[in-house]
1. Pick from A:L13, A:L98, A:L122: which residue has the top mean-square fluctuation in a GNM of chain A where Cα pairs under 10 Å get a spring?
2. Give me the angle, in degrees from 0 to 90, between the Cα long axis of helix B:64-77 and the longest principal axis of the Cα atoms of chain B, rounded to the nearest 10.
3. Determine the share of region A:10-124's accessible area contributed by carbon and sulfur atoms, expressed in whole percent, with a 1.4 angstrom probe.
4. May I ask for the percentage of alpha-carbon pairs in region A:109-257 that lie more than 18 Å from each other?
5. First check a/c for chain B, with a ≥ b ≥ c the square roots of the eigenvalues of its C-alpha gyration tensor; if it is under 1.5, answer rounded, and if not, answer prolate when a/b is larger than b/c or oblate otherwise.
6. Which value, in debye to the nearest 20, describes the size of the charge dipole of chain B about its Cα centre when Lys and Arg Cβ atoms bear +1, Asp and Glu Cβ atoms bear -1, and nothing else is charged?
7. Just by accessible area at a 1.4 angstrom probe, what is the order of A:H238, B:H173, B:H59 from largest to smallest?
8. To the nearest 100 Å², how much accessible surface do chains B and A cover up together, summed over both, with a 1.4 Å probe?
Amino acid sequence: MRQETLKRPRVGLFVTCLVDLFRPTVGFASVKLLEEAGCEVEVPMAQTCCGQPAYNSGDREDTIAIATNTIKTFEEYDYIVAPSGSCAGMLRKHYPALFKDHAWEARAAAFSAKVHELMSFLVDVMGVDAVSAAREGNVTYHDSCSGLRELGIREQPRRLLGSVLGLKLKELKDSDVCCGFGGTFCVKYPDISNKIVEEKAANIQASGADTLLAGDLGCLMNMAGKLQRQGADIEVRHVAEVLAGMDDGPAIGGGER
Amino acid sequence: MQISSPAFKTNARGALADPHLQEALGHVRSGFIDKRQKAVDALPEFDALRESARAIKDHTLAHLDLYLEAYEEKVKASGGHVHWAETAADARSVILDICRAVGARTVTKGKSMITEEIGLNEFFEKEGIRPVETDLGEYIIQLRGEHPSHIIAPAVHLTRDQVEADFRRAHNHLPPTRDLTEPASLLSEAREVLRAQYFAADVGITGANFLVAETGSSIIVTNEGNGDLTQILPRVHIVVASIEKIVPTLADASQILRVLARSATGQEMSVYTTVSTGPRRPEDPDGPDEYHVVLLDNGRSSMLGTEFQDMLRCIRCGACMNHCPIYHAVGGHAYGWVYPGPMGAVLTPSLIGVDKAGHLPNASTFCGRCEAVCPMHIPLPKMMRHWREREFARGLNPATQRYGLKAWAFFARRPRLYRLAASFAIPALSAFGGARRRFRYLPFAGGWTRHRDLPAPESRTFLQQWRDRETRKQEART
Ligand code: SF4
């Protein structure tokens with residue numbers, strides 16, 4: 001028994017600020033999936049945000065301060081897992097660049113090497129290839145940009161979704177094209193962002209799916225907001241909610257019409 | 001060329017509301033992407049070729065002065081002339097002198113972005129010289145008094161119907177009943193009209209895809225053959241090229257050619273690849289009497305050794321803009337100067353200043369598709385971020401953005417305060433969302449809610465709930 005506990009990897013869950021503030025269900029779903037995969041999950045309270053809004057606005061000083069806090073908070077864990085390709089990409093790919101020629105360079109590199117996005121962690125690191133969830137219906141899946149292009153996440157969520165009883169995956173046309181969210185981009189250039197998400201919404205509607213899934217809450221809120229503004233009858237959820245069987249509550253932005 | 005980059009947002013709004021442009025942009029989405037993918041899939045060594053293309057350019061840039069000098073020697077040895085132009089104005093006056101010396105009235109031009117960069121056509125017209133664009137796309141936009149909206153497909157912002165209407169208006173000596181429905185008929189009509197111009201021209205101007213140090217040659221690639229006629233028929237051929245077009249050897253150029261056309265149009269090779277070395281030799285069947293090269297710097301040498309040096313690897317294939325969601329939405333003119341899309345978002349601030357071109361590197365979602373397809377592995381998003389850093393350091397971005405960011409960063413840097421503030425704000429916002437669980441309008445979130453609903457927070461924050469859960473567990477144990 002003791003032996004077993006020792007072997008369980010200690011995972012620090014970086015829940016991401018958007019999930020923390022807007023969609024706690026994704027956090028609980030992540031914990032459940034990680035525990036089922038045999039991890040011991042902890043959620044350090046000192047976490048805030050990965051720092052992308054500052055980083056992508058050219059504010060290095062604030063980014064470094066935020067990143068320093070993140071590293072301090074999480075470096076003790078065997079793995080750091082985030083339910084977002086964008087935030088995991090920031091922690092894994094951009095922190096090392098951020099701390100280049102900085103006193104924390106080695107520390108940042110050691111931290112970054114342990115960071116994974118949830119889907120790829122489950123499949124590539126923990127060797128999970130099936131979940132015990134069921135959901136009747138047709139879903140479609142959007143490949144968020146950072147996860148896809150920075151971390152190579154594409155097959156992993158599809159493999160796990162393939163094991164969900166009753167679920168049929170309808171591939172989305174241009175699933176690898178940006179949804180127009182882009183963090184602060186969507187409020188700095190709302191009209192351009194709108195044009196891009198309109199295009200995405202049209203493809204989602206044409207997919208014939210009743211549910212849209214993706215692995216990044218920012219993109220999901222953008223697409224959900226557009227679909228709801230258009231009055232489309234499509235549920236929008238984070239992929240972890242479905243995989244963990246925690247998809248019975250209200251969908252993202254999904255309340256009364 | 002007038003710079004309208006500071007008005008990017010206004011330009012973009014206009015572009016989004018222009019139905020012709022939106023129709024034409026649909027062809028960019030469908031026309032380039034699949035063809036490139038097919039060409040890439042058909043060549044298993046494509047990625048290896050990209051690596052070697054990158055290595056060739058990196059090596060050249062590290063020894064740029066050496067290769068440029070070697071190139072100059074070879075051009076001279078073959079009987080040509082090299083003119084160094086530090087600025088656009090220098091280049092224009094060198095070119096004017098050459099044209100004046102032969103009493104040029106008409107100048108034919110092959111497609112060249114560098115002559116756009118130095119505003120050559122407007123300059124010629126002021127000086128009483130008639131420039132004639134011979135590339136079909138360039139010819140069309142010259143008829144319309146426009147500028148290219150794409151670096152390899154200058155008229156991609158137009159629909160076929162618009163072009164037909166322009167041709168009927170401009171070529172009114174031709175029978176009005178003629179059939180112009182096929183794109184090929186537009187091309188042959190342009191050829192017909194241009195034929196006389198080739199012979200009337202005293203000077204032919206082309207750009208260069210490569211300058212070869214080993215041989216002193218310039219290389220152009222085209223699909224219409226217009227470049228060949230432009231440089232062979234007139235008495236004087238002027239090549240206008242920027243300094244980073246240099247490669248050491250012909251073998252290096254051929255290596256890069258293998259990724260160029262595939263990335264640009266999905267062709268294995270462009271239809272014409274033309275190598276020219278010096279003026280006509282006695283044994284040559286044709287060619288110009290004079291061969292000049294104008295080497296333009298225009299700010300490029302100051303990119304060397306900076307975080308923007310990698311941009312000088314660019315071979316102007318256009319793949320980055322063909323795959324860019326922003327370019328797809330607004331087209332090339334919105335960017336407000338010569339170079340659009342991701343490559344323009346990095347290059348334009350270097351050439352005209354980030355104070356004028358500041359919007360360009362900001363108008364990106366960092367989706368990374370440009371970098372993923374760039375045959376020269378140029379880290380475009382990273383360099384756009386470097387521009388944002390410079391803008392932030394100089395306080396160039398709008399005050400509202402800076403304050404918003406600072407306010408948010410204040411909390412993100414202080415975990416306790418962040419948790420405290422969120423534990424009050426989030427449940428309140430959640431309740432405010434009501435049964436609809438989303439907002440159609442929210443003060444301070446107008447940028448978001450103008451076009452889409454904002455999902456309301458579910459309930460209390462995750463960290464609040466998690467802490468309660470842990471406390472309950474703790475209590476259960478004790
Ligand atoms: S940046 Fe890359 S993709 Fe864009 S034009 Fe240059 S070489 Fe082509």
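1. Looking only at A:L13, A:L98, A:L122, the largest GNM fluctuation is found for A:L98.
2. That helix lies at roughly 10 degrees to the long axis.
3. So the carbon and sulfur contribution to the accessible surface is 51 percent.
4. That fraction is 57 percent.
5. Since a/c reaches 1.5 and a/b is larger than b/c, the shape of chain B is classed as prolate.
6. 3480
7. Largest accessible area first, the list is B:H173, B:H59, A:H238.
8. Interface between B and A: roughly 6200 Å².
The values are calculated or read from the model by the stated rules, or taken from the named source; none is laboratory data. What you see is a predicted model; the values in this text were computed from it and never measured. Heads up, the Cβs are rebuilt from the backbone with ideal geometry, glycines too, and the neighbour counts pull from every protein chain shown. All accessible areas refer to the heavy atoms of the entire protein, side chains included, with ligands and DNA or RNA removed. Shrake-Rupley method; radii C 1.70, N 1.55, O 1.52, S 1.80 Å.
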